[in-house]
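Below is one structure; the comments refer to it alone.
No lab work stands behind these numbers, since they all come straight from the coordinates. All figures in this text were calculated on a predicted structure; none of them were measured in a lab. All Cβ positions, even for glycine, are placed from backbone atoms using ideal geometry, and neighbour counts span all protein chains on display.
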Amino acid sequence: MATVAEPSDLIKVLHLLLLSFSWGMQVWVTFIAGFTMRRRVTLHTFGLVQSKLFPVYFHLLLGSSLLSLAVYAVFHPRELLDWHYTVQMVLFCVVPITAGLNARWLGPKVTEIMFQMREVETEQGLGNQIGRGSLKAAYDKLQEQDPKYRGFRSTFVLYHGMSSVCALIGFLSTTVILIYTALKLSTI
């Protein structure tokens, strides 16, 4: 039967800080920053900021979640896992997978397509307004008349949707991990 040494208080604190960092970053970037910027800067500025911010965000999330997974795995070997710890281990694995998908595949693809759409929008005098709402009809007309833009738009929606789903799954997984951790602080 496997036995594991109790983690030191420093390891416990670092583990909680990593989880808190990941969760806080996810809340800020996913909900607060995006919501705030979308209503305060032009559409093209918003896209440019996201193209610079998201790669850093996804890679920081990937790194912090891999470190959290490593710490958890070291102090919770599979031989000692009950179903609660198994659920947590699965969630610890989900977060770096979703962050990795966003960092290495979905995020770069969304950015690439966004810049292609931006070129077409700039030619049509679009993108310098805050949000799409004020010129929604112009965007709809562009999508109807320009098959290249329509293709960019549908591909963008697909990849952006997959990226958003990954981000949401990662956020929910981190949230559940924090709940489990809070309920079992003595066994961190």
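Hey, what did the chain get for relative contact order, percent, Cα under 8 Å, at least 6 apart? Let's see the in-between values first.
On the way: 165 pairs, mean separation 60.9, N = 188.
Computed value for the chain: 32 percent relative contact order.
Please list log₁₀ I(q)/I(0) at q = 0.15, 0.17, 0.19, 0.20 Å⁻¹ for segment 50-188, using the Debye equation with identical point scatterers on the alpha-carbon positions.
Here log10 of I(q) over I(0) equals -0.78, -0.90, -1.04, -1.11.
What nm distance separates the two modelled labels at Gln143 and Leu183, each placed 7 Å from Cα along Cα→Cβ?
4.2
Using every Cα-Cα pair within segment 108-188, state what percent have a distance larger than 21 Å.
Numbers: 1523 of 3240 pairs.
Summing the P(r) of segment 108-188 above 21 Å gives 47 percent of all pairs.
Less than 18 Å apart at the alpha-carbon level, and either on another chain or at least 8 residues along: which aspartates and glutamates does that give for Lys148?
Straight-distance partners of Lys148: Glu112, Glu119, Glu121, Glu123, Asp140.
On the first, second and third principal axes, largest extent first, how far apart are the outermost C-alpha atoms of segment 1-131 in Å?
69, 24, 21
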